[in-house]
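Asker: One structure is given below, represented as C-alpha cells, and several questions about it will come after.
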C-alpha cells in the first residue's frame, strides 16, 4: 500500500474512532461541559426517536460520557435502541401518532428522567416548531435550530422568499396563499408544464407529485394534498417549474449561538425512487472546486439568513450546466449525514451536543478539509420489481459485512427483529469510504455482496445493479436516473444458472450430511441406517434424483455420489462434476464449491421450503418442493378484484357496490409505511362488493373489492 493510502487509512481510523458499533459497556462517567456564560451542561439526553438514528445518537452520547434516555412504543419493546440506552420509557401503542409524535408523552418522559436535552433525530418531531417551542418553555434544551428557523424553512413559500432576499438562487414558481384548485391550476398553466406539486410543509418525498400535463394536474394535486395532510397535518401546496433531469445536490451546514456558520461540503443524492433518496455520495461527482465553493457559500448565506443553530442541510437542484437553485432547507440532521462525516473526519452528533450546550462550532471554515470519497446505500425492505413496494416482516436471517474505520453499518435491527408496517421500512445504511470515487464504489459493491437478508424482499440486489451501471460508474447521475435506465436495471428474469443450481444442490447435500453426522454422534449408534447420508453401497454407486424449484419451474437433477466425496450432477443433458466443503455459522453455511474445475464461493441459508444462495453475482431463492403429504389443500378464492399489495390502512374509498369502473380507475387509497398507494381497477366491470371501509386495515393479498364483468353482473 502506498504511503498516502496508509496515511489516509490512519486518518480515517483516528477521526472516526468511536463511531463504530461498540459492545455494550455500562458507564457511570459523566462528561461535564464548561459552565461559562451562555453555556449549559448536558449530562443526560433524551432521544425522541427510534431505530438506527436513535442508536447513532446514543453511541456518540456514550463516547462523550452523556447518559441517554430512550422512548419506545409497543412495536419497539425489544429493539436495539432500547437495549443501548441507560434508561428507557414506554410511550404508547405502535402508531406514531400515539407514541413518537406525542409531544405530551415525550415531554413527560423528559421531566421524569430529568433529561437536560432532547435530540429529535430525523422525522417525527425533528422539524416541529411547536415542539421546539415547548422544549424552550419547559427549560429543556432542544438539540436543533431555533423554532423561528424551523418555521421559516418549514414553510416552503416563506423559505423561498427569504432565500431570494439573501441572494440564494431560486426556481420560478407559485408560493401564494390562494390554495383554490382554480388558482393552482392557473398558476401551473402560467409556469408551464411539467410542474412539481409540493407540500408547503414537510419533506422526505411525501406530498410531492409531478404533473406532466394539465389533464392529470387535478388528480396529482388531490393525491399530494391527501398525503401531505396525513404526514404534516397541512395540505397547502406550492407549484414550481419542474427541471428535467436535474441533480439533487445538498450542502451540510452548521451554525452556533455565537453567529458562526460553516459548510462541510456537498452530497449528491440524485438517484431516487418515489422521490426518496436511495444512494448518496460525497463529494458530488464532477463538481469543480469553484462550483463547490459557490454552493457552500450560498448554503452559509441561507443558514445565516435565519440565524441557524446546529446541523442543517440546504438542498439545491442543479442543471446540466451546474447552475443551482434553492429547493428547501432541512432543519435537522439528515439520514445521509454519515457520508459527510466520512470525508471530513467529523462527528456531527458530537458537534450538535456541543453547540446545543452553548459552545462554538469545533472547527473554523478553513480548518474543515475534504478527504477521499464516501457512499451511503440505504437498504430497504421493499420489492424493486413491484414499483419498490415497501415490505414488512421478520428478519429470519441477517448477516452483514464487518465494520471498520472505512465501513459503517448504521442500523436499528438485528436478526430475529421485525420490520414493522408502522414505520419507515429502512433496514440499514451501508456507508463506505475510500481514497477516491472509483475505490469507494468498488468497496460499496464488495460490501453489498456481503449483506445477506432472508425473510422479506429487499433492494440489495437492485443496489448492486444500480452501483454497477456504467453511467453511474461514470458519475452521470440525475433524479430521473432509474426511469431512464429502467430496462437495464430491470432486465427480464433469467432462469437460475446450472452452476448456481449445482451450488445449491451441494449445499443441500452437505447440510444433510451435517445433520446425520450430528445424529450419529448423539445417538452413539454408528451402525444406525439413519446415521449416514453418504449414499455408499457395496460395489454399487448411489444415484439420487433431486428436484429444485426455479420459481414455478421444476428443475430435475440426477446426483451420483462418488467414493472420493465428489458428485456427478446431471441437469437435462448437461453433466457437471461437483465437489466442495461447507463451514457453518449458525443458520449460515459458507460453501466452497468446484463445478467442472472452477471454484465458486457462496453462502447458503435454508429456511422452510426455500434455499437462499448468496454469491458475488447476487442472490437466488431456490424452492425445495414440499412433499404432497405436507401440502395444504386450501387456497384463497379468486374474486376477480383488486388485492392489497401490502398490509396497510385504507385511507379513502372511491367506489361503492354497483359502480362501473374502467381499467386503471382508482378504487382505494392505502397508507402503508407512511406512504400513499393508489389501488386501481385491474379490469373493466361492475363493483359487486367493497370489502373494506375507510380507516380499516387490510392485510397483504386481501381482496379489497369484488369486481365482475358487466355480463356476469346481470346473471
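FYI, it's all coordinate maths here, none of it is from the lab. Remember, it's a predicted structure, so these values are computed and weren't measured experimentally. So basically every Cβ, Gly included, is an ideal-geometry build from the backbone, and we count neighbours across all protein chains shown.
Asker: With label points built 7 Å along Cα→Cβ from the Cα atoms of residue 234 and residue 515, find their separation and express it in nm.
Answerer: 5.9
Asker: To the nearest 0.05, how large is the calculated FRET efficiency for residue 497 and residue 543 if R₀ is 25 Å and r is the Cβ-Cβ distance?
Answerer: Details: r = 23 Å, r/R0 = 0.93.
Using R0 = 25 Å, I get an efficiency of 0.60.
Asker: Using the 10 angstrom Cβ neighbour count as an exposure proxy, how do 516, 458 rank, fewest first?
Answerer: 516, 458
Asker: How far apart, in nm, are the 7 Å Cα→Cβ label points at residue 367 and residue 114?
Answerer: About 3.4 nm separates the two model spin labels.
Asker: Which whole number in µm²/s is D for the chain by Stokes-Einstein, with the Kirkwood Rh taken over Cα pairs at 37 °C and 0.692 mPa s?
Answerer: Working: Rh = 28.1 Å.
Answer, rounded: 117 µm²/s.
Asker: Have a look at the DSSP beta bridges in the chain and tell me what percent are antiparallel, nearest 5.
Answerer: 90
Asker: Go through 676-688, 175-187, 245-257 and give me the packing order, highest mean Cβ count within 10 Å leading.
Answerer: Working: 676-688: 18.1, 175-187: 13.4, 245-257: 22.9.
Peptide ranking by packing, descending: 245-257, 676-688, 175-187.
Asker: Further, regarding this structure: Tell me, what are the semi-axes, in whole angstrom and largest first, of the equivalent ellipsoid of the range 103-248 as set by the roots of 5 times the Cα gyration tensor eigenvalues?
Answerer: Taking √(5λ) for each Cα gyration eigenvalue gives 34, 16, 12 Å.
Asker: Just the number, please: Stokes-Einstein D of the range 648-713 in µm²/s, Kirkwood Rh from C-alpha pairs, 37 °C, 0.692 mPa s.
Answerer: Values: Rh = 12.0 Å.
Using the Kirkwood radius from Cα pairs, D works out to 274 µm²/s.
Asker: A further question follows. Ignoring everything except DSSP H segments at least 4 long, calculate the 222 nm mean residue ellipticity for the chain; use -39,500 (n - 2.57) per segment, divide by total residues, nearest 500. Mind dumping the intermediate values first?
Answerer: Numbers: 19 runs with 194 residues, N = 715.
Result for the chain: -8000 deg cm²/dmol, rounded to the nearest 500.
Asker: Quick one: angle between helix 156-165 and the longest Cα principal axis of the chain, in degrees between 0 and 90, rounded to 10, please.
Answerer: With both axes taken from Cα atoms, the answer is about 50 degrees.
Asker: Moving on to the next point. Assuming 0.36 nm per residue, please report the length gained on full extension of the stretch residue 77 to residue 213 beyond their Cα-Cα distance.
Answerer: Details: separation 136, 0.36 × 136 = 48.96 nm, distance 4.76 nm.
Between residue 77 and residue 213, full extension yields an extra 44.2 nm.
Asker: Please work out the FRET efficiency for the pair residue 165 and residue 104, using the Cβ-Cβ distance as r and a Förster radius of 60 Å; give the result to the nearest 0.05. List each step's numbers first, then the result.
Answerer: Details: r = 37 Å, r/R0 = 0.62.
That gives a FRET efficiency of 0.95.
Asker: Kindly put 278, 53, 210 in sequence by how many other C-beta atoms sit within 10 Å of each C-beta, fewest to most.
Answerer: Ordered from fewest to most neighbouring Cβ atoms within 10 Å, 278, 53, 210 come out as 210, 278, 53.
Asker: Can you work out the FRET efficiency for the pair residue 581 and residue 484, with r the C-beta to C-beta distance and R0 = 41 Å, to the nearest 0.05? Before the final figure, lay out the partial values.
Answerer: Numbers: r = 45 Å, r/R0 = 1.09.
After rounding, the FRET efficiency stands at 0.35.
Asker: Output the relative contact order of the chain, whole-number percent, from Cα pairs under 8 angstrom with separation of 6+ residues. Let's see the in-between values first.
Answerer: Values: 1505 pairs, mean separation 64.7, N = 715.
Contact order relative to length: 9 percent.
Asker: Taking only Cα atoms, what is the 0 to 90° angle, nearest 10, from helix 437-449's long axis to the longest principal axis of the chain?
Answerer: Helix 437-449 sits roughly 50 degrees off the main axis of the chain.
Asker: Quick one, can you get me the convex hull of the C-alpha atoms of the range 172-241 expressed as volume per residue in Å³? If you can, show how the numbers build up before the last one.
Answerer: Details: hull volume 4.9 nm³, N = 70.
Here the figure is 71 Å³ per residue.
Asker: If packing is taken as the mean number of other Cβ atoms within 10 Å per residue, what is the order of 656-665, 57-66, 286-295, 71-80, highest first? Intermediate values should be presented prior to the final figure.
Answerer: Working: 656-665: 12.5, 57-66: 21.8, 286-295: 14.7, 71-80: 19.9.
Answer by packing, highest mean first, reads 57-66, 71-80, 286-295, 656-665.
Asker: Between the range 478-499 and the range 549-622, how far is it from one alpha carbon centroid to the other, in angstrom?
Answerer: One Cα centre to the other: 25 Å.
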